[in-house]
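Peer 1: Following this message is one structure expressed as C-alpha cells.
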C-alpha cells in the first residue's frame, strides 16, 4: 500500500516508474519495528533519498511525502527545513536516528 501511495506522489514530479521497489518494501517492513511516527518517516525518507527507488524525482517525492504526513497529523512545519533535510540526506546519507532527529527539528 505504501509503495502505491509513494508512486502516486512521485507521479506529480516524475514518471512514477519504480526501479528499486525492494527498497520501499524494506522500508515498509521496517515500520513494524516502531510506533514512533518520526522514526517510521525516517525509514521511508531514507529509502527514497538514499536508494533512489524512482527513476526521477526522488528528493521531491521524499519532501512531498513528509509534508503530507505532517499535514495529516496537523503538525506545523517549516517547508524550508523539510527541503533542507532532504538535501542534507541526499548529500550524506544519515542513520535512521539522525534523520528522526532532523524531522523533529523541522517541526519545532
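Peer 1: Could you tell me whether residue 101 is touching a strand residue (DSSP E or B) at 6+ places or on another chain (Cβ under 7 Å) and surrounded by fewer than 17 Cβ atoms within 10 Å (Cβ to Cβ)?
Peer 2: no
Peer 1: Among the numbered criteria (1) more than 25 Å from residue 105 (Cβ to Cβ); (2) surrounded by fewer than 16 Cβ atoms within 10 Å (Cβ to Cβ), which one does residue 76 miss?
Peer 2: (1)
Peer 1: Looking at the stretch 1-74, what helices (runs of 4 or more DSSP H) fall wholly within it and have at least 1 residues that are under 14 Å from residue 86 (Cα atoms) and in contact (Cβ under 8 Å) with a residue 12 or more places away in the chain?
Peer 2: Filter on the stretch 1-74 gives 37-51, 58-72.
Peer 1: May I pose another question? Considering only the stretch 61-71, I want to know if a residue exists there that is touching a strand residue (DSSP E or B) at 6+ places or on another chain (Cβ under 9 Å) and surrounded by 17 or more Cβ atoms within 10 Å (Cβ to Cβ).
Peer 2: Yes: one or more hits.
Peer 1: Residue 18 passes all but one of (1) crowded, with 18+ Cβ neighbours inside 10 Å; (2) in contact with a strand residue (DSSP E or B) (Cβ under 9 Å, 6 or more places away or on another chain); which number fails?
Peer 2: With (1) crowded, with 18+ Cβ neighbours inside 10 Å; (2) in contact with a strand residue (DSSP E or B) (Cβ under 9 Å, 6 or more places away or on another chain) applied to residue 18, the lone miss is (1).
Peer 1: Would you check if residue 82 is at negative phi, in contact (Cβ under 8 Å) with a residue 12 or more places away in the chain and buried (at least 18 other Cβ atoms within 10 Å of the Cβ)?
Peer 2: Criteria met by residue 82.
Read-outs throughout are calculated quantities, based only on the coordinates presented, and are distinct from any laboratory measurement. A quick note: this is a predicted structure, and the numbers were derived from the prediction, not measured. We place every Cβ from the backbone using ideal geometry, glycine too, and count neighbours over all the protein chains shown.
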